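The values are calculated or read from the model by the stated rules, or taken from the named source; none is laboratory data. Small disclaimer: the values here were computed from a predicted structure and weren't measured. Cβ coordinates were reconstructed from backbone atoms using ideal geometry, including for glycine residues, and neighbour counts include every protein chain displayed. Just so you know, the surface numbers come from the protein's heavy atoms only, side chains and all, with ligands and any DNA or RNA stripped out. Shrake-Rupley method; radii C 1.70, N 1.55, O 1.52, S 1.80 Å.
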Amino acid sequence: MNYEAIAIAGPTASGKTSKAVAVAMAFDGEILSADSRQVYTGMDLGTGKDLEEYGAVPYHLIDVAPAGSKYNLYQYLRDFREAYAGVAGRGRMPVICGGSGMYLENALGGVCMPEVPENRELRESLADRTLDELTTILRGYKTLHNVTDVDTCKRAIRAIEIQEYYLRHPEEAVLTDRSAVKPINALIVALDIPREARRAQITARLQSRLEAGMLDEVKHLLDSGISAADLIYYGLEYKFMTLHLTGALSYEEMFEGLERAIHQFAKRQMTWLRGMERRGFTLHWLPYDMSDADFVAAVRELCS
C-alpha cells in the first residue's frame, strides 16, 4: 500500500457516501467527512448525511456542532487532525469523503490554521464600509479564491481581520501555506459524472428528500428556536426551505430556486476539483455509476 489515506471526492448527488463506505469496508477503514454542513446536528436530510449507508463503518466529523452555530475552516482542520490521528493510531485506513472542496483540499494539504482573535479596533474602522469596498480591501491582502468570504459585510470583515492577523504574525501564517507544510500522502479518487446525469440525479434526490420530510426537518429547527437568519446562512436547502416556511416563497418558487441553486453548487464543486489538479493534487477520475465491487477493485489497482 503506497498511500496513508484514501479520499473520495465528487459533486453533490454523485454517490460519494456509498463509494466511501465500500472502500472503508474493503480497506479496514473509518470515514472522515469533509462536508461543511454535515457537521451540524439535526441537519440530516438537507445535508445528505445518509447515515443509514454507513452500517458498521465508523465515521467522524459528522454531528460535531449544534445547528445554528457557525462552524468554520479553522475548527474543521483542528477536529480533522484529531480524528485523523485517532484513525491512523488505531491502525485503520482513513477514508476522507466529501464535496466541500475548501475543507478537503486544506485537510489533504496538511494546512493548519491559527485561531485568530477578534480585532475590535479593526472591526470598528470597517463597520461603515460597503461590501464592494470591503471586497477591494480584502483583494489587497490576497487573491480571492473563495467567494463566500465576501457574500456579506460581516464575513468580509472577518476575512480582512484574519489576513491582517497573518500579516502581523508571519510565523503562524506560514502554517496556512500548503507549500510550507507536509501534505497527507492520499490517493484521491474523484467521481466522474456527466453533466446531464448529474442534473437528473440532483432533481431526483431533491424530490426524494422532500418526500422524506425535509421541510419538516427545517420546520423543527425553526420551532426549536434557531432563527430564520441562521438557517438561511447555511444556504441551499436550508435557505430556500426557510424562505418558503416563512412565507417569502411559494412551494413552486422554493423548488425551482433550490433545484437551480444545487445545480450551480455542483458546477462550482467540479470547478474546485479541477482547480485542485492545477494546484498540484493528483485526482484519479472513475465513473460514478461503477458498481461498488468494481469501484473497490479499481481503487485497489490504483493503490498498488
Any hit, the range 249-258, residues being touching a residue at least 24 places away in the same chain (Cβ under 8 Å) and small (Gly, Ala, Ser): no
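Here is a yes/no grid of residues against (1) open to solvent by 50 Å² or more (accessible area, probe 1.4 Å); (2) of a type in the set (A, V, I, L, M, F, W, C):
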site: 134; (1), (2): no, yes
site: 143; (1), (2): yes, no
site: 149; (1), (2): no, no
site: 169; (1), (2): yes, no
site: 174; (1), (2): yes, yes
Conditions (1) farther than 30 Å from residue 280 by Cβ; (2) open to solvent by 30 Å² or more (accessible area, probe 1.4 Å); (3) outside any loop (DSSP other than H, G, I, E, B); (4) out of contact with any Gly (no Cβ under 7 Å at 6 or more places or on another chain): number failed by residue 210: (2)
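Counting residues that are over 23 Å from the mean Cα position of the chain (by Cα), which helices (runs of 4 or more DSSP H) fully inside the range 98-147 reach at least 3? Steps first, please.
On the way: elements: 101-108, 120-126, 131-139.
Those helices (runs of 4 or more DSSP H) span 120-126, 131-139.
Yes/no matrix, rows are residues, columns are (1) over 28 Å from residue 240 (Cβ atoms); (2) part of a loop (DSSP other than H, G, I, E, B):
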{"residue": "45", "(1), (2)": "no, yes"}
{"residue": "56", "(1), (2)": "yes, yes"}
{"residue": "63", "(1), (2)": "no, yes"}
{"residue": "68", "(1), (2)": "no, yes"}
{"residue": "76", "(1), (2)": "no, no"}
{"residue": "80", "(1), (2)": "yes, no"}
{"residue": "83", "(1), (2)": "yes, no"}
{"residue": "88", "(1), (2)": "yes, no"}
Among the residues listed as 182, 154, the single one being more than 19 Å from the chain's Cα centre (by Cα) and in a loop (DSSP other than H, G, I, E, B): 182
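Would you please name the residue that is nearest to residue 258 (Cα to Cα), looking only at residues in the range 205-222 that are without any contact (Cβ under 8 Å) to a residue 12 or more places away in the chain and not acidic (Asp, Glu)? Walk me through how you get there before you give the answer.
Within the range 205-222, the first condition is being without any contact (Cβ under 8 Å) to a residue 12 or more places away in the chain, and the residues that meet it are 207-208, 211, 216.
If we keep only those that are not acidic (Asp, Glu) too, we end up with 207-208.
Values: 207: 11, 208: 14 Å.
Applying the filter and picking the extreme gives 207.
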Qualifying positions in the range 280-301 - exposed (fewer than 15 other Cβ atoms within 10 Å of the Cβ) and either of a type in the set (A, V, I, L, M) or in a helix (DSSP H, G or I) (or both): 293, 294, 297, 300, 301
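Kindly establish whether residue 73 is out of contact with any Leu (no Cβ under 8 Å at 6 or more places or on another chain), among the hydrophobic types (A, V, I, L, M, F, W, C), closer than 24 Å to residue 11 by Cβ and surrounded by 16 or more Cβ atoms within 10 Å (Cβ to Cβ).
Yes: the conditions hold for residue 73.
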Hits in the range 222-267 - residues which are farther than 24 Å from residue 99 by Cα, open to solvent by less than 50 Å² (accessible area, probe 1.4 Å) and assigned to a helix (DSSP H, G or I): 222, 228, 243, 244
Close pairs from the range 65-93: first closer than 22 Å to residue 105 by Cα, partner open to solvent by less than 40 Å² (accessible area, probe 1.4 Å) and β-branched (Val, Ile, Thr), Cβ under 7 Å, at least 6 apart: 65/39; 71/39; 77/111; 93/6
Failed item, numbered, when residue 138 is tested on (1) over 15 Å from residue 156 (Cβ atoms); (2) touching a helix residue (DSSP H, G or I) at 6+ places or on another chain (Cβ under 9 Å): (1)
